[in-house]
Every structure is written in C-alpha cells, then in structure tokens.
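**Q** This is the structure I want to talk about, given as structure tokens.
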Amino acid sequence: MKNLISIKDLLRDDIELLIKESLRMKEKGIKRTNNNVNIASLFFENSTRTRVSFETAAQDLGHYINGFSGTEGTSVKKGEPLLDTLKMFEGYGYQLIHMRHGLEGSSRYALDNCNCSIVNGGDGANSHPTQTLIDLMTIKSRKGKLENLNIGLIGDLKYGRTVHSLLRAMGFFDSKIFLVSPESLAMSKWRQEDYKTKTGNEITISDNLNEVLKELDVLYVTRIQRERFPEGLEGDIEYRKVSGSYNINLELLQQAKQDLLILHPLPRYKLNMEISMDVNKLNQCGYYDQAANGKFMRAAIIECLLNERLGGVTRELNNNLQLWDELPIKNGSKKGQRMIYRLDNGTLIDHIEHNRGDLVKSLLGVNSYDGPILVANGIRSKRYGRKDVLAIHDVSLSPEQSYMLSLISEQATVNIIKNKRVVRKGKVGLPDVIDNLVQCQNMKCISRPEHYEFAQNKFYVERKGPLKIRCHYCEQPMNREEVTKALMG
Ligand code: NCD
C-alpha cells in the first residue's frame, strides 16, 4: 500500500507496525535514507503541527519537500479545481503528496486521479488518519497497551475529524469508549454504528464529564471546530450554545484517576480554554508529548509507504456479478394478469411495495412515448398483503433502470414478457459499485456538484438487505429510505 487515506484502509498489523517503527525512531533517531524522493505538502487549510511535523520528518529522512501552506498566493484563489493543482505536482515529479483540504473525500479523489502516493492530512470534518496514529502511539507508549482501557472522547465529536478517525481505529482494540459532548455536537449515529458493528461493543454516551471522569484511563479533549459550523446567524447561535461548555481544570481533575492520560490533538482555543493552562504541569498532561510524537509517526508513515511495508485492506469486489436472481416461472402465460395489464410484450414489475408504484415509475424514467404504462396500486398479494404492479409495454429495463429498481424496492420481481408469455422472471440484483446514479447527501462531500470539483459520485454496496450503500469519498452510508429520497431529488 502506497497511500494513507483512511484508517478504514489499514489492517491491525499495519497500525502495530507503524507504532513500533515510530517508537523505534523516537528512541534511536530518524535515519537518512538513500532513496530520497520529492514530496509535495499541499495545505489548502490552516495547520501548524500536521504540516510542520510532516515536513520536518521528511527533511530528517533526507527527502526534498515543496508546496504551499494556505491557498493565499496560489491559483486556487483564481478558482482552479483541485484536480488541476494536483496534476501539476504530479507532472513536476513529486512522488508523494501530503494534503489537507476542506472537502470530505478530497484525498480519496486525489488518489483516484493521480499516480503519486497520497497521504491525507485532514479532509474536512471527515478524517485525520495520521493524527490518529500519533494518538495511538502516544497511548501505547504511556499506557503500554491499547486494550482494556476506558477511553473518553470529549468535545466536538460532530465536526472534529480527529475523533472520527480515532473511533474508527479503536474498532481494532478492545477498549471501552465514552463519548462526552453537548447534544448538538454528538458523534453522528452512523459513525457510532460503524464502531458497534465492527466491535460488537456498546458505547457510553454522556453530556456531562463529571458522570464518567473517574472511570477514565485516557481523556481525549478536542476544540470546538467553529470554522465548520454553518455560516451566518445559524452558526453563531449554534456556536454560542456550546462555546465554553467544558473546561478541564485542576479542580475537576481531582475526581480523576492519578494516572489519567490527557490528550488533545491541539490547537486549544485561548479565548475559551478546553484545558486550562495549569494542567500543563501535571504528569497527566500528554498533549505536548503527543504533538512531539507527530514527527516520529509521520517519519514512520513516509518510510512505510515509500517502501510498501503496509499490507492494507483489499476490497473484495465481486466481478462475477450476480445481477439477476432467476425465479421459476409458475404460470407462463399469467392469464389473469394479461387480462388486467394487456401486456403482450414488455416488462411487468410485480410485488412493488404498496404505494411505491408511482415512485418507481417516475424514477425509472419510463414514459408513454415508449408504449402504454400502467401502475396498479394496492393489488391484493398473498405474500405482502398489498402490492403495486407496474406494466411497461414494449420496453425492457436498461442496466441503470434495473439498478435503480433494486435500490428503491427490495421485493420487486421482474417478468419479461414476449408474445404474451413470461419468458424470464427474476429479481434484479445490485453491482458492488454504483457509479454515477445516487447523489451523496453529505453537503461537504467532494462529489456534491455545488463544489465544482467534478468528482463523479460512487457508492459501494455494503449490504443488500436491508440496503446499505457507502459513499466512496466521504464514507457516509445511506439506507433505502435515504437513497429513495436522494433519487427523488
Ligand atoms: C486538528 C485538526 O486539524 O483536525 N489539529 C491537528 O491536526 N493536530 C484538530 C483541530 O484543529 O482542532
């Protein structure tokens, strides 16, 4: 594996190797390599630690580094699309791009379109995998383990990308997770579900640190990500409600374990300190150590990627697609049905969920220019009580229409009718990847047309029933209801 886009792409072995390598480098020093390469450091968003620690690590290893820190002074300000900026660096011979960008899924998009290695230094509110590896390295070096710990994440769990990646990584280790935040900044349900599905563990949720503090071995504090709140008055109001809602100070820490480890990806916000300054002097303070670890972990990441030492998860795509589940034809002429639908040639879509027939018709985009169409609503069905049926004369479904049908209806069966006889009957399946059909509903996803980045939407089918598909870029899943709504526009 030559890229680091998301924790999701790593194996537990990869994480353990990176921790081991970074701790070795911390102890023994970073050695220069003979294989130096050109590295681009492209920061479309503000950064201190992520950029500087990466660049220092690259220099210590002997690599050459160039790029920009903020878009001021670049052609991004002239309205250049992300792809063009990336292609320039590829063309100038940079073998690795370390990038931070405000849109979710931007690094994945870069990976799809460039031949260099890509390292994600933060993609909007979505993820920050290198920070998470630093967090794990720090916990491992201070606690000696990553399992059997009580780990509390506090603060902005909605917009904070570091906690998103950290929760995903904790899916590999059997520790207990506590999420503490004001309700409006809670970790999204789907991220919690991903964790629970992976581990089978429950998560403790609270809006009050006092309730859980004494149980914790690690307290991971985050800044409220003011810059990601909605613009204008709405954002101001949302922010005012939560600003200053937690502050870790000496008095509060009296309830905590003596060996509590306090982490923070930094920066903290000086006008409303989430951790008071006088906590710096406690043994419990781990955030300066954590920040310093950044250089070693990022050196380990560069080394392991350039030397292809990480295995990475390979996505099993089923090329042998079973897109049609053949069903037995019981009554080849369907005499009764022929009386109703008068379909001599065409497609009869049966068993559509009741009251969905019109929706299916409009989403399939069939219209009467193709031949007569009939939607029968609320037909009595032995299996489903009531069902809708759609008869489309003279037309057979295109692959896109078939995928669309199986996205919006779980139970529909398709009868292909030729010369008054059902010649095939089946259920349409879904391919493993759905390209260019469903729009991601995350407004910050790079695939949204509003951003003019031209990233074609793409979803992976994770589960067919009940349907769950996941955006290739921002990793947000959708269920059948959400897909149907999205298709309806
Ligand atoms: C974090 C980030 O940029 O997501 N900082 C970092 O990389 N260390 C956290 C933050 O900005 O609050």
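The values are calculated or read from the model by the stated rules, or taken from the named source; none is laboratory data. All values reported here derive from a predicted model rather than from experimental measurement. Because the Cβ atoms are built from the backbone with ideal geometry, glycine has one as well, and the counts that use them run over all protein chains shown.
**Q** Would you check which residues across segment 227-259 are under 28 Å from the mean Cα position of the chain (by Cα) and β-branched (Val, Ile, Thr) and list them?
**A** Within segment 227-259, 237, 242 meet the criteria.
**Q** Can you find a residue in segment 222-229 that is surrounded by 14 or more Cβ atoms within 10 Å (Cβ to Cβ), farther than 29 Å from residue 282 by Cβ and at pLDDT 95 or above?
**A** yes
**Q** Restrict the check to segment 385-405 and report whether at least one residue is at pLDDT below 90, over 30 Å from residue 108 (Cβ atoms) and among the β-branched types (Val, Ile, Thr).
**A** Yes, there is a match, as at least one residue in segment 385-405 is at pLDDT below 90, over 30 Å from residue 108 (Cβ atoms) and among the β-branched types (Val, Ile, Thr).
**Q** Step by step: first the residues of segment 456-489, then only those that are β-branched (Val, Ile, Thr) and in a helix (DSSP H, G or I), then the one that is nearest to residue 409 (Cα to Cα). Which residue is that?
**A** 484
**Q** Right, here's the next one. Name the residue that is farthest from the chain's Cα centre (by Cα), counting only residues in segment 360-372 that are modelled with pLDDT of 85 or more and buried (at least 19 other Cβ atoms within 10 Å of the Cβ).
**A** 361
**Q** Would segment 69-80 turn up any residue that is on the phi > 0 side of the Ramachandran plot, part of a loop (DSSP other than H, G, I, E, B), within 14 Å of the ligand (Cβ to nearest atom) and surrounded by fewer than 18 Cβ atoms within 10 Å (Cβ to Cβ)?
**A** There is at least one residue in segment 69-80 that is on the phi > 0 side of the Ramachandran plot, part of a loop (DSSP other than H, G, I, E, B), within 14 Å of the ligand (Cβ to nearest atom) and surrounded by fewer than 18 Cβ atoms within 10 Å (Cβ to Cβ).
**Q** Name the residue that is surrounded by the fewest Cβ atoms within 10 Å (Cβ to Cβ), counting only residues in segment 432-489 that are among the aromatic types (Phe, Trp, Tyr) and either touching a Phe, Trp or Tyr at 6+ places or on another chain (Cβ under 7 Å) or under 16 Å from residue 6 (Cβ atoms) (or both).
**A** Looking at the filtered set, the residue picked out is 460.
**Q** I'd like the full set of residues that are in contact with a His (Cβ under 9 Å, 6 or more places away or on another chain) and away from the ligand (no atom under 13 Å from the Cβ), limited to segment 99-108.
**A** 103, 105, 107, 108
**Q** Let me ask something else about it. Can you say whether residue 110 is over 18 Å from residue 299 (Cβ atoms), under 13 Å from the mean Cα position of the chain (by Cα) and in contact (Cβ under 8 Å) with a residue 24 or more places away in the chain, as far as the supplied structure shows?
**A** For residue 110, the condition - over 18 Å from residue 299 (Cβ atoms), under 13 Å from the mean Cα position of the chain (by Cα) and in contact (Cβ under 8 Å) with a residue 24 or more places away in the chain - is not met.
**Q** Separate question: Got a number for residues in segment 25-57 being in contact (Cβ under 8 Å) with a residue 40 or more places away in the chain, more than 16 Å from the ligand (Cβ to nearest atom) and within 16 Å of residue 300 (Cα to Cα)?
**A** The qualifying residues number 7.
**Q** Cβ-Cβ distance below 7 Å, separation of 6 or more or different chains: which pairs start in segment 283-300 with a residue that is of a type in the set (A, V, I, L, M) and at pLDDT 95 or above and end on one that is surrounded by fewer than 24 Cβ atoms within 10 Å (Cβ to Cβ) and part of a loop (DSSP other than H, G, I, E, B)?
**A** Pairs found: 291/266; 299/30.
**Q** Residues that are within 16 Å of the ligand (Cβ to nearest atom), at least 1 per element: which helices (runs of 4 or more DSSP H) completely within segment 230-328 meet that?
**A** Where helices (runs of 4 or more DSSP H) fall fully within segment 230-328 and carry at least 1 residues being within 16 Å of the ligand (Cβ to nearest atom), they are 232-242, 287-306.
**Q** Let me ask something additional. Just checking, does segment 347-354 include any residue being assigned to a loop (DSSP other than H, G, I, E, B) and either at pLDDT below 80 or touching a helix residue (DSSP H, G or I) at 6+ places or on another chain (Cβ under 9 Å) (or both)?
**A** No, there is no match, as no residue in segment 347-354 is assigned to a loop (DSSP other than H, G, I, E, B) and either at pLDDT below 80 or touching a helix residue (DSSP H, G or I) at 6+ places or on another chain (Cβ under 9 Å) (or both).
**Q** Another question, if that's okay. In segment 439-466, which residues are more than 12 Å from residue 103 (Cβ to Cβ) and touching a strand residue (DSSP E or B) at 6+ places or on another chain (Cβ under 6 Å)?
**A** Within segment 439-466, 458, 459, 460, 461, 462 meet the criteria.
**Q** Follow-up. State yes or no: is residue 94 among the aromatic types (Phe, Trp, Tyr) and assigned to a helix (DSSP H, G or I)?
**A** Spelling it out, it is not the case that residue 94 is among the aromatic types (Phe, Trp, Tyr) and assigned to a helix (DSSP H, G or I).
**Q** Further question on the same structure: Among all residue pairs at least 6 apart or on different chains, which show Cβ distances below 6 Å where the first residue, located in segment 372-388, is assigned to a strand (DSSP E or B) and the second is among the small types (Gly, Ala, Ser)?
**A** Qualifying pairs under 6 Å: 374/391; 375/357; 377/357; 386/378; 387/381; 388/357.
**Q** Ok, one more. What are the residues in segment 137-168 that are under 16 Å from residue 292 (Cα atoms) and surrounded by fewer than 24 Cβ atoms within 10 Å (Cβ to Cβ), if any?
**A** Within segment 137-168, 140, 141, 142 qualify.
**Q** Among the residues of segment 4-15, are any assigned to a helix (DSSP H, G or I) and without any contact (Cβ under 8 Å) to a residue 12 or more places away in the chain?
**A** No; the residues of segment 4-15 include none that is assigned to a helix (DSSP H, G or I) and without any contact (Cβ under 8 Å) to a residue 12 or more places away in the chain.
**Q** Additional query: Does residue 191 satisfy the condition of being part of a helix (DSSP H, G or I), touching a helix residue (DSSP H, G or I) at 6+ places or on another chain (Cβ under 8 Å), within 16 Å of the ligand (Cβ to nearest atom) and without any contact (Cβ under 8 Å) to a residue 40 or more places away in the chain?
**A** Taking the combined requirement at face value, the residue satisfies it.
**Q** Examine segment 472-489 for a residue that is touching a Gly at 6+ places or on another chain (Cβ under 6 Å) and farther than 28 Å from residue 101 by Cβ, and state whether such a residue exists.
**A** Scanning segment 472-489, I find no residue that is touching a Gly at 6+ places or on another chain (Cβ under 6 Å) and farther than 28 Å from residue 101 by Cβ, so the answer is no.
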